[in-house]
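Here is the structure we will look at.
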Amino acid sequence: MPLALVLSVSLCAAPFELGAWNAQRLQTQGIGLGVLGAWAVGNIAVGAIGAARSNDERIAWLHLGNALWNTVNLGLSVGGLAAQWNADPNSFDAKQSLRESSSAATIFGVNAGIDVGYLATAAFLWQRGLAHDDARMVGVGQALVIQGAFLFVFDVVMGVLQGLLTGQLLDHVTITAP
């Protein structure tokens with residue numbers, strides 16, 4: 001069992017409102033998920049219309065790639081918002097709050113690394129498509145550049161915000177071995 005799960009976490013004597021901190025954490029995550037959802041809806045709409053109306057095969061694949069990629073983003077956004085819909089900020093103790101916050105920061109960090117992989121894949125597809133005169137690969141590669149770049153910025157910003165929140169909490173807790 002990891003040491004972090006064995007340790008006891010308690011609030012210090014300094015005044016700190018854990019419920020308010022959790023409300024801020026949940027609000028930050030909710031805003032992030034809302035941004036992701038809005039990005040997804042916009043890309044699905046523009047992508048579907050653009051794919052249907054484009055006479056250029058590369059542009060059609062670019063739009064289709066953006067639309068399809070964002071069905072996943074929309075699912076993640078809606079699923080995340082649904083999961084925290086009725087979350088009560090006052091129901092988290094210090095240990096659970098720390099676990100939730102540090103876990104979210106780690107997930108965003110890992111996702112940012114995966115986004116770099118998306119960008120590398122995008123560059124490969126785009127270049128390969130150009131080399132073989134394959135409009136589908138060029139368009140999908142370009143779509144992946146757009147999505148990978150957005151997701152990288154999104155994950156870095158959300159990771160930094162979550163890290164800052166975790167730091168605020170750590171300033172007010174004492175961690176002791178049981």
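Rule-based calculations on the coordinates, nothing more; no lab input. Every value quoted in this text rests on a predicted model; they were computed, and no experiment measured them. Here the Cβ positions follow ideal geometry from the backbone for every residue, glycine too, while neighbour counts run over all protein chains shown.
At 222 nm, what value in deg cm²/dmol follows for the chain if DSSP H runs of at least 4 each add -39500 (n - 2.57) and the sum is divided by all its residues, to the nearest 500?
Numbers: 5 runs with 141 residues, N = 178.
Only helices count here, giving -28500 deg cm²/dmol.
Among Met137, Gln147, Ala67, which residue has its Cα furthest toward the positive end of the charge dipole of segment 60-178, with +1 on Lys/Arg Cβ and -1 on Asp/Glu Cβ?
Of the options given, the answer is Met137.
Could you give the dipole magnitude of the chain about its Cα centre, charging the beta-carbon of Lys and Arg +1 and that of Asp and Glu -1, in debye to the nearest 20?
Numbers: 7 positive and 11 negative charges, 31 e Å.
Around 140 debye, computed over the chain.
Enter the Cα centre distance for the pair segment 114-178 and segment 40-102, rounded to the nearest angstrom.
Centre-to-centre distance over Cα atoms comes out at 14 Å.
Need one number: nm distance between label points at Ala177 and Ala38, each 7 Å from Cα along Cα→Cβ, rounded to one decimal.
Going by the 7 Å Cα→Cβ label model, 4.9 nm.
Using Cα-only point scatterers and the Debye equation, what is log10 of I(q)/I(0) for the chain at each q in 0.10, 0.15 Å⁻¹, rounded to two decimals?
-0.51, -0.87
Once amide H atoms are placed 1.01 Å from N in the peptide plane, what residues at a sequence separation of 5 or more from Val173, or on another chain, have their amide H within under 5 Å of its amide H?
Correct list: Cys12.
Under a plain spin-label model, where a point goes 7 Å from the Cα along Cα-to-Cβ, how far apart in nm are Val110 and Ala23?
According to this spin-label approximation, the distance is 3.2 nm.
Can you compute 3J(HN,Hα) from phi for each residue in segment 62-67, using the Karplus curve 6.51 cos²θ - 1.76 cosθ + 1.60 with θ = phi - 60°, rounded to whole Hz and x for Gly and Pro?
4, 5, 5, x, 5, 5
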